[in-house]
């Protein structure tokens, strides 16, 4: 089952293209991390999904309904947590909970109380007096207590110190354990995505550069130190999965999802040393080439 | 468990988990028949996605370090026997690396062997008085 499916989705603001042909499949039950640099269009993509913006082209489905068709019933199955959550600032935490509960038939007070406790949030404090970290935590609690099928979080754990970040991650992972619940989050924090997510996509230069199960991608990506004469460069670059070929003193540095046996078969290749790539190296290899 | 995730190491988390469990088996900290925590339990403890733990266990199972009989949990396999095989494999790898390095430096295999013998002798001889007392 697919929770979100996007096909050739485009968005431009005036003459400025922001997203240019986004294809994305988010499996039901996954914790999906959308990675990208500042300004890559991650938030725009989320806002398109939530129906806050209209696409300039392409199409997509969200929980089986086409984009833009988010009626109240569907909207209630989705919880969206923006990077800077907005509350009624004069309300106390307890009042905010009752306010959201009244709007959501699926509100689960036991869940809410559990996570309020887990984070140690002060029920009697007014929203405007909460720290940035507390606001981040409260927004997650309010979202989770509505028992969403799809939880969309823009830059989770923003503003949290390491201790609260860990607790936030544990709560998020615990909440993701519901098999029918899908979590889509955006982040520029590679460590968070590697910890929290089972799938990720990298958004760069208006398109998805790589997407899929995290461990599968980590398994497949390689950097090879290839000993070969300069003439072999073109043949190496033409191999399936090769993204970059950089000349080195006695050969080349080849990066990509490369089958070593194919490299072995290139005329002139004398030796290969293979290394795995970390998520950070994969990120940079796509962003910087 | 005593597993530690180093977010700055550049090593994928599932490889960190697999390597630490494997080392514990080698060192005898984990022994044949010991039960490991379930995927979800370990994932919550380490604050990582369960798929990451599942992948680590999958690699360990393929390497013959653990077994996961359906529905009964995850257990350390082998023990001394496995450790012996694995120790032999690693010794072989180290030896190959040494031979390759000797070759690269322009030495013949006999000269590499002689260097190993010298290293073994040096290791067995007690250090001279007043030195090497930091062990």
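Quick note: the coordinates plus some simple rules give every number you see, no bench work behind them. Because the structure is a prediction, the values reported are computed rather than measured. Cβ sites come from the backbone with ideal geometry, for glycine too, and all protein chains shown count toward neighbours.
Assorted remarks:
- Peptide B:11-18 - average C-beta neighbours from other chains (10 Å radius): 4
- Partner chain coverage, peptide B:40-52 - average Cβ within 10 angstrom: 6
- Among beta bridges from DSSP that stay inside the protein assembly as shown, the antiparallel ones total about 70%.
- Kirkwood hydrodynamic radius of the stretch A:133-185, from the reciprocal of the average inverse Cα-Cα distance over all distinct pairs: 11.2 Å.
- Calculated from the alpha-carbon coordinates, the stretch A:97-137 shows an Rg and a Dmax of 10.9, 29 Å respectively.
- Under the criterion of Cα pairs below 8 Å and six or more residues apart, the relative contact order for the stretch A:172-289 equals 24 percent.
- Cα-based values for the stretch B:1-52, radius of gyration first and Dmax second, are 11.2, 33 Å.
- With the cut-off at under 20 Å, measuring from each backbone N in the stretch A:241-275 to a point 7 Å along the Cα-to-Cβ line of residue A:25 picks out A:241, A:257.
- Against chain A, whose longest principal axis comes from its Cα atoms, helix A:93-103 is set at around 90 degrees.
- The orientation-averaged projected area of the convex hull spanned by the Cα atoms of the stretch A:149-289 comes to 10.3 nm².
- Straightening the chain between residue A:225 and residue A:132 buys 28.9 nm, computed as 0.36 nm per residue apart minus the Cα-Cα spacing.
- Averaging the sequence gap over all C-alpha pairs within less than 8 Å and six or more residues apart, then dividing by the number of residues, gives the stretch A:94-250 a relative contact order of 15 percent.
- Estimated from the Cβ-Cβ distance and a Förster radius of 22 angstrom, the FRET efficiency linking residue B:96 and residue A:248 is about 0.40.
- Cα long-axis angle, helix A:109-119 against chain A (0 to 90 degrees, to the nearest 10): 60
- Highest to lowest packing among A:142-150, A:189-197, A:4-12, A:98-106, scored as the average C-beta count within 10 Å: A:189-197, A:142-150, A:4-12, A:98-106
- Computed from Cα positions, the angle between helix A:162-176 and the longest principal axis of chain A comes to roughly 90 degrees.
- Value of relative contact order over chain A, rounded to a whole percent, pairs C-alpha under 8 Å and six or more apart: 20
- Distance between the C-alpha centres of the stretch A:54-87 and the stretch A:161-181: 22 Å, rounded to the whole angstrom.
- Kirkwood hydrodynamic radius of the protein assembly as shown, from inverse mean 1/r over distinct Cα pairs, in Å: 25.0
- In the protein assembly as shown, helical runs assigned H by DSSP with n ≥ 4 each contribute -39500 (n - 2.57); averaged across all residues and rounded to the nearest 500, the mean residue ellipticity at 222 nm is -12000 deg cm²/dmol.
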